[in-house]
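The values are calculated or read from the model by the stated rules, or taken from the named source; none is laboratory data. Predicted, not measured: the structure shown is a model, and the values here were computed from it. Ideal geometry is used to build each Cβ from the backbone, glycine not excepted, and the neighbour counts take in all protein chains shown.
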């Protein structure tokens, strides 16, 4: 039986002034896209650096593709494609030369490098810029080139740190499609703070919060577990007394105001309800009692963002 | 050593593309050609200065300048080249780290030792080529101006000077790796240069240390017998190896 792709146990990492990882356990097995979420400072990049052998952990064990990680993990490095958050290259090289250099480092033959270079340039949309110097590339093009070099050698594991952070909406779409495709043939472990992207791509989600893994679950199961009906109530008028009553209402679990920029006169309140039947009747009545104009009222499915905020929120409450 | 050949090819390409190789070779050539010219031309120029403009200094040219004067001038000029070595090596690792190029290279199957070695061997190769260019320029021009060249002494002189450059390159690149700072690497390289000059002023002590390379070179130029050559060469080679081993150890444990 093949060992887990990532096997992290009781991982602790301490910098001189702060403990970033406080006993992380993580097991990733099989192909697919694994979303890795956390607020800024949660320890995502530190974990990715440890998985790459760039940082030696303070405590715990970390195995990648069955081997202990460390600075000299030569064999396993051939099987990992890594994309840092802000990939940087020698400005004097052309995109094609960067990939040739990468192919040489991976020990590919000239023929393999040539074939794969053409392929990854096409897949990342860089074919027309391949002979231009990287020094003249935009941030988005560098991110695409970073992804292209990670694809070379057809690795078994992709460690992607915010892979679409520098891309425009079109580029973002293309790269996300590519990542979905990669997940069918390999394991993609992808950190992101864009929850919509992770929701679209990831079969599994890991949430890191304050140095600990607080959620590790299939995306669908996670949403189902946290599935509570949500109603969007769009109103106009002074909502202060309505909001007060909402807090005291029995059927309502929690609510928050959702930013709406398209219609500033309207206010959207996203309400998590405990009893859907009661809420469907009670909420419009409550709006009417407070003399507000109801513009829209309807239920909506919880997004990963809702789940993430609730999970992080409940952790904050617990601590 | 995993990836060394690939990294060396990339270094060679970088030295060529960024024109650092061309600039270095031109500077070496200027040192080679300029030294016999200065040896021949400076006394001649001084002789043309009217007596009343010499500020009371009496110029006594007891003999015509010769091949050994050209060698002495060559030694003086060459002693400025460690500055070039420090400037061209100080950012070699610290700069790649600052620009965040390092993680992408080291995420591939490349040992950190191979990476460090490629960063030292590249400037050393350039210095070898530069020393050869300077030596050839100097030999040809000295022969043309003075009609002779003392080849064995001249070859030994260049060997000593080259070894001196290797030492400075190793120290600077090692500091670039360990201190994570281009400025820190420059300070170490320049500090080593300054220290070698200070120790060179104490020849009886310097002969047992790498600073003795300069003393030996000066002895060669004036035709004095060479003493304690083995000590000096052995201590230099030992220091180069020790500095490399230290930097290798630090880099292997360093956070990237």
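Listed by first and then second residue, the pairs with beta-carbon distance under 6 Å, at least 6 apart or on different chains, first residue in segment B:1-29 and under 23 Å from residue B:102 (Cβ atoms) and within 8 Å of chain A (Cβ to nearest Cβ), second modelled with pLDDT of 95 or more and surrounded by fewer than 16 Cβ atoms within 10 Å (Cβ to Cβ), are B:17/A:92; B:18/A:92.
If you check B:87, B:136, which single one turns out to be over 20 Å from residue A:92 (Cβ atoms) and either within 14 Å of chain A (Cβ to nearest Cβ) or surrounded by fewer than 20 Cβ atoms within 10 Å (Cβ to Cβ) (or both)? When all the criteria are applied, what remains is B:136. With respect to the stated conditions, residue A:243 fails to be surrounded by 15 or more Cβ atoms within 10 Å (Cβ to Cβ) and either at pLDDT below 75 or outside the structural domain of residue A:213 (by TED's automatic domain parsing) (or both).
Return the total of residues in segment A:64-79 being more than 9 Å from chain B (Cβ to nearest Cβ) and touching a residue at least 24 places away in the same chain (Cβ under 8 Å). Of the residues in that region, 4 qualify.
Quick grid of which residues meet (1) within 14 Å of chain A (Cβ to nearest Cβ); (2) in contact (Cβ under 8 Å) with a residue 60 or more places away in the chain; (3) more than 17 Å from the chain's Cα centre (by Cα); (4) within 24 Å of residue B:123 (Cα to Cα):
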site	(1), (2), (3), (4)
B:177	yes, yes, yes, yes
B:193	no, yes, no, yes
B:212	no, no, no, yes
B:236	no, yes, no, yes
B:243	no, yes, no, yes
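Elements of the type helices (runs of 4 or more DSSP H) sitting completely within segment A:51-159 and holding at least 3 residues that are buried (at least 21 other Cβ atoms within 10 Å of the Cβ): these cover A:95-105, A:110-123, A:139-151. Would you point out which residue out of A:121, A:108 is within 12 Å of chain B (Cβ to nearest Cβ) and farther than 28 Å from residue B:249 by Cα? When all the criteria are applied, what remains is A:108. Scanning segment A:2-20 for residues that are surrounded by 11 or more Cβ atoms within 10 Å (Cβ to Cβ) and outside any strand (DSSP E or B) yields A:3, A:4, A:5.
Residues checked against (1) out of contact with any strand residue (DSSP E or B) (no Cβ under 6 Å at 6 or more places or on another chain); (2) closer than 21 Å to residue A:313 by Cα; (3) touching a residue at least 60 places away in the same chain (Cβ under 8 Å):
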| residue | (1), (2), (3) |
| --- | --- |
| A:182 | no, no, yes |
| A:185 | yes, no, yes |
| A:190 | no, no, yes |
| A:194 | yes, yes, no |
| A:199 | yes, yes, yes |
| A:203 | no, no, yes |
| A:208 | yes, yes, yes |
| A:211 | no, yes, yes |
| A:220 | yes, yes, no |
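Determine whether segment B:108-117 contains at least one residue that is crowded, with 23+ Cβ neighbours inside 10 Å, modelled with pLDDT of 95 or more and away from chain A (no Cβ under 14 Å). No; the residues of segment B:108-117 include none that is crowded, with 23+ Cβ neighbours inside 10 Å, modelled with pLDDT of 95 or more and away from chain A (no Cβ under 14 Å).
Is there a residue in segment B:160-175 that is at pLDDT 95 or above, farther than 22 Å from residue B:28 by Cβ and over 15 Å from the mean Cα position of the chain (by Cα)? Among the residues of segment B:160-175, at least one is at pLDDT 95 or above, farther than 22 Å from residue B:28 by Cβ and over 15 Å from the mean Cα position of the chain (by Cα), which makes the answer yes.
Residue B:199 meets all of the listed conditions (1) touching a residue at least 12 places away in the same chain (Cβ under 8 Å); (2) surrounded by fewer than 21 Cβ atoms within 10 Å (Cβ to Cβ); (3) under 21 Å from residue B:118 (Cβ atoms) but one, namely (3).
Scanning segment A:49-61 for residues that are more than 10 Å from chain B (Cβ to nearest Cβ) and more than 21 Å from the chain's Cα centre (by Cα) gives A:57, A:58, A:59, A:60, A:61. Residue A:116 falls short on exactly one of the conditions (1) closer than 24 Å to residue B:114 by Cβ; (2) touching a helix residue (DSSP H, G or I) at 6+ places or on another chain (Cβ under 8 Å); (3) within 13 Å of another protein chain (Cβ to nearest Cβ), and that condition is (3). On the stretch given as segment A:163-175, residues that are surrounded by fewer than 22 Cβ atoms within 10 Å (Cβ to Cβ) and either touching a helix residue (DSSP H, G or I) at 6+ places or on another chain (Cβ under 9 Å) or not assigned by TED's automatic domain parsing to the domain that holds residue A:36 (or both) total 7.
Residue-level check: of (1) more than 14 Å from chain A (Cβ to nearest Cβ); (2) surrounded by fewer than 21 Cβ atoms within 10 Å (Cβ to Cβ), residue B:99 misses just (1). If you go through segment A:87-96 and keep only what is facing chain B (nearest Cβ under 8 Å) and either under 11 Å from residue A:148 (Cα atoms) or out of contact with any strand residue (DSSP E or B) (no Cβ under 8 Å at 6 or more places or on another chain) (or both), you end up with A:87, A:88, A:89, A:90.
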